[in-house]
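Asks: To start, I am sharing the structure in question, which I have written as structure tokens.
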Amino acid sequence: MTDAATRDDARKPAQVEAPLLRVSRLNKSYPTPQGPVAVLKGVDLTLARGESVALMGESGSGKSTLLHLVGGLDQADDGEIVIDGVDVTWLSDTGRAALRRETLAVVFQQFNLIPSLNLQANVAFQARLAGRFDPAWTDELIHRLKLQDLLERYPEQLSGGQQQRAAIGRALAVRPRLLLADEPTGNLDEATADDFMALALDVVAATGCAFLMVTHSERLAARLQRQVRLSAGQVRLSAGVINQP
Ligand SMILES: Nc1ncnc2c1ncn2[C@@H]1O[C@H](COP(=O)(O)OP(=O)(O)O)[C@@H](O)[C@H]1O
Ligand SMILES: [Mg+2]
């Protein structure tokens, strides 16, 4: 529990704040020619409001699978995903699209900016699509992410670090309650990754959203509030203890 949460609880003893994300007993397998292969085997994971958590684990341990399930990009076999009090486990395609539009945002390793739009239009794109474009907030994000001198440039005219800063700006422009990032620094060199993390943590804090980030880097993971590890299909604390929801 964070200090802030402890103080909050002391002030309002009757209220226990519900977590922003609660993943319970989540199972996911993929079909293969040799039969289904279980990747997630009863994953439990909880994020408090505004909490930032690093998700680590060997390549192939199921980190992207877990992020895709939480992000509404794929469906679990079994278990439960509750975001901000709403059970999103069995949403229809339309419901999952609304979830991605209204509640959460995802940043991928590959930046995924739209090549035909300049940086300014890229940052505003998702918020406009969701009908939640807020010029003042977008402008604040652009300045916090140090993008103000690059607004007219197209993605091909930007470095990897600049593109990833634009991608997180685009994600946060909709003011999501949960930000998911799948190895956002995977294509960046170490110094650029460090700069990106500092700016990313600043804008995440400004938004107050919860942040779940997959990374291979112990160094970057240590900058988040908590670190968990996927191993043998379950989420464990980094020390190897099973993480209770
Ligand atoms: N669409 C899919 N079909 C079949 N197998 C998959 C699919 N996606 C992932 N896998 C397998 O599931 C396992 C976990 O993958 P992934 O979640 O991408 O791991 P990580 O992100 O931790 O590297 C891997 O063995 C991978 O080959
Ligand atoms: Mg992955």
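The values are calculated or read from the model by the stated rules, or taken from the named source; none is laboratory data. All of these numbers come straight from a predicted model, not from anything done at the bench. Heads up, the Cβs are rebuilt from the backbone with ideal geometry, glycines too, and the neighbour counts pull from every protein chain shown.
Asks: Considering every residue within segment 49-63, establish whether at least one is under 24 Å from ALA171 (Cα atoms), more than 13 Å from ligand 1 (Cβ to nearest atom), assigned to a loop (DSSP other than H, G, I, E, B) and not acidic (Asp, Glu).
Replies: Yes, that holds for at least one residue.
Asks: Continuing with the same structure: What are the residue pairs meeting all of these: first residue in segment 183-202, first residue in contact (Cβ under 8 Å) with a residue 60 or more places away in the chain and more than 16 Å from ligand 1 (Cβ to nearest atom), second residue of a type outside the set (S, T, N, Q) and not in a helix (DSSP H, G or I), Cβ atoms under 9 Å, and 6 or more apart or on different chains?
Replies: Correct list of pairs: LEU201/PHE211; LEU201/ARG223; LEU201/LEU224.
Asks: For ALA171, work out the one condition from (1) touching a Ser or Thr at 6+ places or on another chain (Cβ under 9 Å); (2) outside any strand (DSSP E or B) it doesn't fulfil.
Replies: (1)
Asks: Restricted to segment 1-44, and to residues that are among the charged types (D, E, K, R) and either in contact with an Asp or Glu (Cβ under 6 Å, 6 or more places away or on another chain) or modelled with pLDDT of 65 or more (or both), which residue is surrounded by the fewest Cβ atoms within 10 Å (Cβ to Cβ)?
Replies: For segment 1-44, the residue satisfying everything is GLU17.
Asks: Within 16 Å of ligand 1 (Cβ to nearest atom) and part of a loop (DSSP other than H, G, I, E, B), is that true of GLY131?
Replies: Spelling it out, it is not the case that GLY131 is within 16 Å of ligand 1 (Cβ to nearest atom) and part of a loop (DSSP other than H, G, I, E, B).
Asks: Right, here's the next one. Would you check which residues across segment 91-132 are farther than 16 Å from LEU147 by Cβ and among the β-branched types (Val, Ile, Thr) and list them?
Replies: THR94, THR103, VAL106
Asks: VAL70 - would you say it is under 30 Å from LEU150 (Cβ atoms), within 16 Å of ligand 1 (Cβ to nearest atom) and of a type in the set (A, V, I, L, M, F, W, C)?
Replies: So VAL70 does not fit the description; no.
Asks: Right, another one. Being under 23 Å from ARG236 (Cβ atoms), outside any loop (DSSP other than H, G, I, E, B) and out of contact with any Asp or Glu (no Cβ under 7 Å at 6 or more places or on another chain) is the filter here, so list the residues in segment 64-109 that pass it.
Replies: Those that are under 23 Å from ARG236 (Cβ atoms), outside any loop (DSSP other than H, G, I, E, B) and out of contact with any Asp or Glu (no Cβ under 7 Å at 6 or more places or on another chain): THR65, LEU66, LEU69, VAL70, ASP78, GLY79, ILE81, VAL82, ILE83.
Asks: With the structure loaded, tell me whether LEU55 is under 16 Å from VAL228 (Cα atoms), at pLDDT 95 or above and in contact with a helix residue (DSSP H, G or I) (Cβ under 6 Å, 6 or more places away or on another chain) or whether it fails that test.
Replies: Yes: the conditions hold for LEU55.
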